[in-house]
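Written out below as structure tokens is the structure these notes cover.
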Amino acid sequence: MTAVAIRFLADVPGHADTLAGWHHAQWSHLYERWTLEQTRDELRDHATRRARPTTLVAIDGDALLGSVSLVDEDAPELRDQGDAWLASLYVVPEARGTGLGKQLVQALVGFAAGQGVARLWLFTPEHAGFYERLGWRPQGQAMLRGTRVQLMDILPE
Ligand SMILES: CC(C)(COP(=O)(O)OP(=O)(O)OC[C@H]1O[C@@H](n2cnc3c(N)ncnc32)[C@H](O)[C@@H]1OP(=O)(O)O)[C@@H](O)C(=O)NCCC(=O)NCCS
């Protein structure tokens, strides 16, 4: 049996295109003109470095189970809100409810602290309760292409 490990996408860059397909299917409705090709380009770029902007992945042996990203901007409409964002938290449906989402968020916040990020932001359409239980603070709401999202922040340490 293998254990789930949290690694940089840069350590397993061959997973970038699979991840792009999942991300695009999950979130393309929130962004204007965000094509699958752009999603692939972004993640292939993240796979080249272990510093912001970059992506962490959850891996079990060769199997990709999820990911989370640290980026400078997650939506142009929210550019003025903050300059460091937790983005694209994703766990494959069959691995949900086992603590992986929580593990990815905690790893990303720890990594952001190490990168000197003083205040980290995210927006979420429907998982505010999940993040609140992990220490994130609600900071008002915004509309993204007709979808209401909750803004949240945390002070990484
Ligand atoms: C959101 C998501 C990442 C959660 O991943 P997960 O691996 O299932 O989450 P975890 O197993 O770590 O859940 C941790 C805890 O939060 C709880 N939880 C999960 N979703 C929740 C929610 N929407 N509201 C409140 N609590 C929630 C779990 O029950 C668990 O509680 P427990 O520790 O008492 O058992 C996953 O459902 C997913 O990938 N969804 C699709 C993409 C998405 O919506 N991403 C978030 C974008 S903002």
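Only one of these is closer than 21 Å to I6 by Cβ and not aliphatic (A, V, I, L, M): G140, G99. Name it.
Details: G140 fails: closer than 21 Å to I6 by Cβ.
Result: G99 is the single residue among G140, G99 that is closer than 21 Å to I6 by Cβ and not aliphatic (A, V, I, L, M).
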> Any idea which residue in the stretch 98-131 is nearest to the ligand (Cβ to nearest atom), counting only those that are surrounded by 15 or more Cβ atoms within 10 Å (Cβ to Cβ) and among the β-branched types (V, I, T)?
Replying inline: T124
> Considering only the stretch 1-51, how many residues are polar (S, T, N, Q) and without any contact (Cβ under 8 Å) to a residue 24 or more places away in the chain?
Replying inline: 4
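Could you count how many residues in the stretch 87-130 are of a type in the set (D, E, K, R) and touching a residue at least 12 places away in the same chain (Cβ under 8 Å)?
First, the residues of the stretch 87-130 that are of a type in the set (D, E, K, R): 94, 96, 102, 119, 126.
From what's left, touching a residue at least 12 places away in the same chain (Cβ under 8 Å): 102, 119.
Looking only at that region, the number is 2.
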> In this structure, is S88 in contact with a Ser or Thr (Cβ under 6 Å, 6 or more places away or on another chain) and more than 10 Å from the ligand (Cβ to nearest atom)?
Replying inline: no
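No lab work stands behind these numbers, since they all come straight from the coordinates. Note that this is a predicted model, so its numbers are computed, not measured. Glycine gets a Cβ as well: all are built from the backbone with ideal geometry, and neighbour counts include every protein chain shown.
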